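So the structure is just underneath, and the comments pick up after that.
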Amino acid sequence: MKLLTLNFLTCALKPCKASPLSFPLHPRDAELEIVESELNLSFLRNILPRLAWEELRGVVRELGLPDLPEIMPEAEALGKASSGKKTNENAANENTITTTTDEDELSPKPEVQPEAEEPDLEPTQTALDLHRLLLETSLRAGSLVCGNCGHAYKVKEGVANFLLPGHLV
Amino acid sequence: MPDYLVRMVQVHESFRKAELQASADVNGVKVEFVKYHEDSPFCIVRLPSDAAARSVISRSILSHSICEIWGQGPTYDALHVSTKESSSSKWPQYAQAPFRFTLDSYRGSRTAEEQTAIVNSFSYLGLSGPARMKTPEASFRVFEDYGAVQSDGPRYLYLGRLIASSGRQAKTTYDLKKRHYISTTSMDAELALLTANIALAAPGKLFYDPFMGTGGFPLACAHFGAVVCGSDIDGRSIRGTGGSARRGQVGKKDVELNFKQYGLESRYLGGFVSDLTNTPLRLSTARGGYLDGIICDPPYGIREGLKVLGSRATLDDTERATHRDRYQEAGYIPPKRPYSFTALLDDILAFSVATLVENGRLSMWMPTANDADVELVIPTHPCLEIVSVCVQEFNKWSRRLLTYRRRAAAEVPLGALETGSRDYERGRADDLNAFRKRYFEGFKEFEEVELGAGRSGEVDDTKGISGRWRKK
Ligand SMILES: [Zn+2]
């Protein structure tokens, strides 16, 4: 489970949802793993403003990972205009959609993908750091503990279990 | 704006227009349907440019290609006249280009000699470049529409220059037969991709499936570029079955393996075990939504009855104590209780309202018995606008793909959010799930009803939409 997911997860108990103590869940005995992946700048730019930044900083601290800046960076701070070269990310987007079939193949024409409306951007160090943290670091094992009720949700093989036992439903 | 010919496939007809519209929406392109019939694979649309046409068709699963129209008419004579009138200014541009010229006969066929004669009848176009079957620079096609039945000759003809092929190739790429990890309830690749497309899955977006099973929907969304996560009440489906996968694969079969198979693991956030009625996802009020899309095929509970977390009866103190003492033991199974399918659909809508960003989409499947007497009721919510309703007909039942758009707060009328009382029953699964009951009764009462023949008419089946979802 990539660390970004933790920014959306809270206690499954309905009464806890109302308490600010239930979010974020606190990792305990966490076993982390880093799996490198392609940088996805357009996703980072979209998701950044939706993050609960203070809570993310808290989780990062609890996991003993390098501190995040106090103030959430602006989405604009993730990319800087490149020298015209296409980034890997754009190349990846083009691979997303198969536009040809054997039957109807035309010789390739240079064409900008519709999704790449933004000008080509090169990721800044901030983007690289956030990518490493949110999308390359994952929780393999441990527990996620609610700060309100104390219930611990187990994480095994990267899969967290939020099913509530009989006495809590 | 120029007109373009979309060569559609003649399957899942009621989804085709919704899909093309969604492909235009996601690209921010305005599309106008000039000519469309449920019974024809030839659709004419008005689009701003070739580039727009290319971007729209690239996502389409239910079409083959899009062409610039060079001529059209009910006979070859009329087609030639039309071609000369409307496209002669374009001919010189392609005079030297390596080209391909082919014939596409719908519900008809031509001998090789006839095909050659037809192609030769267009010699006035002055295409003098080399003919090339593979990767030509320009591709021309004559489309013959023979109409609904075998007739003596084509009823209508088009000459088109190919702008781009569709994204239909993905149907083959994601074919379940070749996927490492599937289950009996996996939706076929074509429909899963279609669902992701209509929900506007695209690069930069975050999508979620609350009933992910073996991950077919999230995979389809990732294909279109979205970052995805999912959950399921059955942890075994996410963690996998253990043992070795197909030949050439080692390790266990799980959802992650499917993402790896298609090189999409960087877009998979992960899966977690949870129940939608007790979701661990934050239900934002002040913070606003964070999901761009939710797509799902909610469990109908045909085999076991639909279940959610909880106990059938309220637990007494001793029982509660037992659960408290035992829940951390390996092998502990949380109790589940029957639940009503209509209540679950309502829960999905409420969950979507709490988690979607403005203009985010929910696309969910809903089964119904084909019962002529009962008014079809489609669940609604004041914060969700119905975008499209597409129907897949089976013999005695059908299922609908319902797509909603999350309204912005300013669009929701004051007072619209006051919901009626909801007293969802505790009872037997059969009582709670009308569809499941019908299923087990074998749809006996509808056996005379002839289906499949009555599939003409408008694409969007909006007739059954009612403000009241739950009938009392
Ligand atoms: Zn709690």
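The values are calculated or read from the model by the stated rules, or taken from the named source; none is laboratory data. This one's a predicted model, so the numbers in the text were calculated from it and none came from an experiment. Counting neighbours? That spans all protein chains shown, and the Cβs are built from the backbone with ideal geometry, glycine included.
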Point to revise | strands (runs of 3 or more DSSP E) within the stretch A:115-169 that include 1 or more residues under 28 Å from B:LYS307 (Cα atoms) and within 16 Å of the ligand (Cβ to nearest atom) | key: A:137-145, A:152-156, A:159-161
Point to revise | Residue pairs meeting the criteria (Cβ under 8 Å; at least 6 apart or on separate chains; first farther than 13 Å from A:MET1 by Cβ, in the stretch A:19-36; second part of a strand (DSSP E or B) and within 11 Å of the ligand (Cβ to nearest atom)) | key: A:HIS26/A:LEU144; A:HIS26/A:VAL145; A:ARG28/A:LEU144; A:ARG28/A:VAL145; A:ARG28/A:ALA152
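Among the residues that make up the stretch B:305-322, is at least one of them more than 14 Å from chain A (Cβ to nearest Cβ), more than 30 Å from B:PRO413 (Cα to Cα) and modelled with pLDDT under 90?
Filtering the stretch B:305-322 down to residues more than 14 Å from chain A (Cβ to nearest Cβ) leaves B:305-306.
Remaining after also requiring more than 30 Å from B:PRO413 (Cα to Cα): B:305-306.
Okay, now just the ones that are also modelled with pLDDT under 90, so B:305-306.
For the stretch B:305-322, residues more than 14 Å from chain A (Cβ to nearest Cβ), more than 30 Å from B:PRO413 (Cα to Cα) and modelled with pLDDT under 90: present.
Give me a count of the residues in the stretch B:221-240 that are among the aliphatic types (A, V, I, L, M) and within 16 Å of B:ASP254 (Cα to Cα). Explain how you work it out, then say what you get.
Initially, the stretch B:221-240 is screened for residues among the aliphatic types (A, V, I, L, M), giving B:222, B:226-228, B:233, B:238.
Now narrow it down to the ones that are within 16 Å of B:ASP254 (Cα to Cα): B:228, B:233, B:238.
Of the residues in that region, 3 qualify.
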Review point. Can A:THR5 be described as away from the ligand (no atom under 16 Å from the Cβ) and in contact with a Cys (Cβ under 8 Å, 6 or more places away or on another chain)?
Key: yes
**Study point:** Checklist (1) within 13 Å of the chain's Cα centre (by Cα); (2) more than 16 Å from the ligand (Cβ to nearest atom); (3) surrounded by 14 or more Cβ atoms within 10 Å (Cβ to Cβ) applied to A:PRO49, failing item
**Key:** (3)
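Could you check the stretch B:160-246 for helices (runs of 4 or more DSSP H) lying wholly inside it with 1 or more residues that are surrounded by fewer than 24 Cβ atoms within 10 Å (Cβ to Cβ) and polar (S, T, N, Q)? Please lay out each step first, then the result.
Working: elements: B:169-173, B:189-198, B:216-223, B:235-239.
Result: B:169-173, B:235-239.
Hey, any hits in the stretch A:21-41 for a residue that's assigned to a helix (DSSP H, G or I) and either within 12 Å of the ligand (Cβ to nearest atom) or within 27 Å of A:LEU163 (Cα to Cα) (or both)?
Step one: of the stretch A:21-41, the residues assigned to a helix (DSSP H, G or I) are A:21-22, A:41.
Keeping just the survivors that are either within 12 Å of the ligand (Cβ to nearest atom) or within 27 Å of A:LEU163 (Cα to Cα) (or both) gives A:21-22.
Among the residues of the stretch A:21-41, at least one is assigned to a helix (DSSP H, G or I) and either within 12 Å of the ligand (Cβ to nearest atom) or within 27 Å of A:LEU163 (Cα to Cα) (or both), which makes the answer yes.
Quick grid of which residues meet (1) at pLDDT 90 or above; (2) surrounded by 13 or more Cβ atoms within 10 Å (Cβ to Cβ); (3) outside the structural domain of B:VAL11 (by TED's automatic domain parsing); (4) out of contact with any helix residue (DSSP H, G or I) (no Cβ under 6 Å at 6 or more places or on another chain):
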residue: B:PRO382; (1), (2), (3), (4): yes, yes, yes, yes
residue: B:ARG399; (1), (2), (3), (4): yes, yes, yes, yes
residue: B:ALA409; (1), (2), (3), (4): no, no, yes, yes
residue: B:GLY415; (1), (2), (3), (4): no, no, yes, yes
residue: B:ASP430; (1), (2), (3), (4): no, yes, yes, no
residue: B:ALA434; (1), (2), (3), (4): no, yes, yes, yes
Review point. Would you pick out the residues in the stretch B:183-211 that are away from chain A (no Cβ under 11 Å) and without any contact (Cβ under 8 Å) to a residue 60 or more places away in the chain?
Key: B:SER183, B:THR184, B:SER186, B:ASP188, B:ALA189, B:ALA192
Exercise for review: Being in contact with a helix residue (DSSP H, G or I) (Cβ under 6 Å, 6 or more places away or on another chain) and assigned to a strand (DSSP E or B) is the filter here, so list the residues in the stretch B:287-329 that pass it.
Suggested key: B:LEU291, B:ILE294, B:ILE295, B:VAL308, B:LEU309
Check your understanding: Which of the residues spanning the stretch B:31-60 are of a type outside the set (A, V, I, L, M), within 13 Å of another protein chain (Cβ to nearest Cβ) and within 21 Å of the chain's Cα centre (by Cα)?
Key -> B:ARG54, B:SER55, B:SER58, B:ARG59, B:SER60
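For the stretch B:286-302, what are the residues that are more than 10 Å from every other protein chain (Cβ to nearest Cβ) and more than 20 Å from B:PHE217 (Cβ to Cβ)?
Step one: list which residues in the stretch B:286-302 are more than 10 Å from every other protein chain (Cβ to nearest Cβ), which gives B:286, B:293-302.
Correct list: B:ALA286 only.
Give me a count of the residues in the stretch B:104-155 that are in a loop (DSSP other than H, G, I, E, B) and either closer than 15 Å to B:PRO74 by Cβ or aliphatic (A, V, I, L, M) (or both).
Here the count works out to 12.
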Practice item. Please work out which one of (1) part of a helix (DSSP H, G or I); (2) within 16 Å of the ligand (Cβ to nearest atom); (3) more than 13 Å from chain B (Cβ to nearest Cβ); (4) not hydroxyl-bearing (Ser, Thr, Tyr) is the condition A:PRO15 fails and give its number. Key: (3)
